[in-house]
Amino acid sequence: MIEIGAQVELSHPPERVWLALTDRELLGRWFAEAETLEGVPDRLLLHTAGLPGFGADVEVEVTDRQEPERLVLACDEAGRLSEVTCDVTATTQGCRLEVREVTTHGGWSVEQQKPREQQLRQALTVRLPAILDWLAFQQVDLRRGDGGMTTELPLVGASRNRPARARRWTVVAVLVGLAVLGGSAAWVALPVGGKQSAAPPAPSSPSPSVTAVEVATTPRATASVRPSRTATSPTVRPSRTPSVKATPTATAAVPPPPPPLTARYETDSSRLFGYTGEVVVGNPAATPAASWTVVVTFADGSTIDDVEGAESRQDGRSITFTGAALPAGGSQTFRFDVRDNRPKARAPESCTVGGNPCAGLT
């Protein structure tokens, strides 16, 4: 036997909470869409096949009804049997609602039990209070007549024939896109052309000098002086300086930067006043990423609760989600529950990963 459960303190009277538990249209707004089984009293079919922790739709039969204090249901989920007990206890501030589910035949796997219990806890602590607030607003008669501002506001009986807005649960299909960047090696040739240089010829200075020297004559001999030759400086021929040619120099190939992290947003489930968002962060690179950061911006008046799979820090309307290292080619999924006072809100205003927009958010 396996048991899961949760309880919540509500600022609403037991009668209003009982109505949210037993009215088929209201039940579809905060937990799961329901339909009656034709010809079978006190039996419903809850469309839970797409909810976390549920593998199929659940057929429900009321076995005990003590209005407005206790409701006991026998559940059949594709042959797995369980019993759900809802106890409503009046308090000074409103009432306390406790819900317990116990298996009577079969059981849930470890992978099913935790998300199933989290789904129940989120429904009770976030979605149900939002529906009760909305229901209280519908029940209050704002016509005060001749009374002053302090006149007590009477309650008008809730109608069971209100039109219901269908709430669609979606099964998340996560597609992580891979971006591959390529690079090419750059080669730089630096040709250096040598210039020929010739030394200027040295000036030749042939200086033949013939000096006539007169020798004192005597009667018997006359001295003749022959011209003397002076050596001529040799002519310097121009020399050629060989050209220096540079060989091409190859620069080292610069590796391309790793592709950036990716992120994809999906609305996991929606309801009248809020939704559950899911973001899948992916690392398409061939190397691990040390950390990741996703920034999600919400509308004014939104309240975020039950963050799973990431650390969060709020700054005004933006919340920064961070996580640990991502392996190469790996991914990390985180979820958050949003309570939004706009009836048609189904997604945040923006989502970025590392400054780049998330996929899936229009």
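The values are calculated or read from the model by the stated rules, or taken from the named source; none is laboratory data. What you see is a predicted model; the values in this text were computed from it and never measured. So basically every Cβ, Gly included, is an ideal-geometry build from the backbone, and we count neighbours across all protein chains shown. These area figures cover heavy atoms from the full protein model, side chains too; ligands, DNA and RNA do not enter into them. Shrake-Rupley method; radii C 1.70, N 1.55, O 1.52, S 1.80 Å.
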For Thr63, state whether it is among the hydroxyl-bearing types (Ser, Thr, Tyr), at pLDDT 85 or above and surrounded by fewer than 14 Cβ atoms within 10 Å (Cβ to Cβ).
yes
Out of Ser228, Ser239, Ser233, sole residue that is among the polar types (S, T, N, Q), open to solvent by less than 60 Å² (accessible area, probe 1.4 Å), in a loop (DSSP other than H, G, I, E, B) and at pLDDT below 55:
Ser233
I'd like to check something: does region 21-28 contain any residue that is modelled with pLDDT of 90 or more and in a strand (DSSP E or B)?
no
For Ala345, indicate whether it is outside any strand (DSSP E or B), closer than 20 Å to Ala123 by Cβ, aliphatic (A, V, I, L, M) and over 10 Å from the mean Cα position of the chain (by Cα).
yes
Sort out which residues of region 293-314 are in a strand (DSSP E or B) and either open to solvent by less than 10 Å² (accessible area, probe 1.4 Å) or at positive phi (or both), and write them in order of number.
Val294, Val296, Asp306
Within region 29-42, can you find the residues that are without any contact (Cβ under 8 Å) to a residue 40 or more places away in the chain and either within 29 Å of Glu111 (Cβ to Cβ) or part of a helix (DSSP H, G or I) (or both)?
Ala34, Glu35
Selection from region 43-76 of residues of a type in the set (Asp, Glu) and free of Cβ contacts under 8 Å to residues at least 24 places away in the same chain yields Asp57, Glu59, Glu61, Asp64, Asp76
Taking the residues in region 73-84 that are assigned to a strand (DSSP E or B) and either at pLDDT 95 or above or of a type in the set (Gly, Ala, Ser) (or both) as candidates, determine which candidate is surrounded by the most Cβ atoms within 10 Å (Cβ to Cβ).
Ser82
Failed condition for Gln93, given (1) over 23 Å from Pro14 (Cβ atoms); (2) at pLDDT 85 or above; (3) exposed (fewer than 13 other Cβ atoms within 10 Å of the Cβ):
(1)
Out of Val17, Val88, I need the residue that is in a helix (DSSP H, G or I) and touching a Leu at 6+ places or on another chain (Cβ under 9 Å). Which one?
Val17
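For every residue, the table says whether it meets (1) in contact with a Cys (Cβ under 9 Å, 6 or more places away or on another chain); (2) acidic (Asp, Glu); (3) over 22 Å from Arg116 (Cβ atoms).
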position	(1), (2), (3)
Ala20	no, no, no
Gly28	no, no, no
Phe31	no, no, no
Asp42	no, yes, yes
Asp57	no, yes, no
Arg65	no, no, yes
Counting only residues in region 340-362 that are open to solvent by less than 80 Å² (accessible area, probe 1.4 Å) and over 14 Å from Val294 (Cβ atoms), the one modelled with the highest pLDDT is identified as Ala347
For region 101-126 the number of residues that are closer than 17 Å to Ala74 by Cβ and surrounded by fewer than 16 Cβ atoms within 10 Å (Cβ to Cβ) is 5
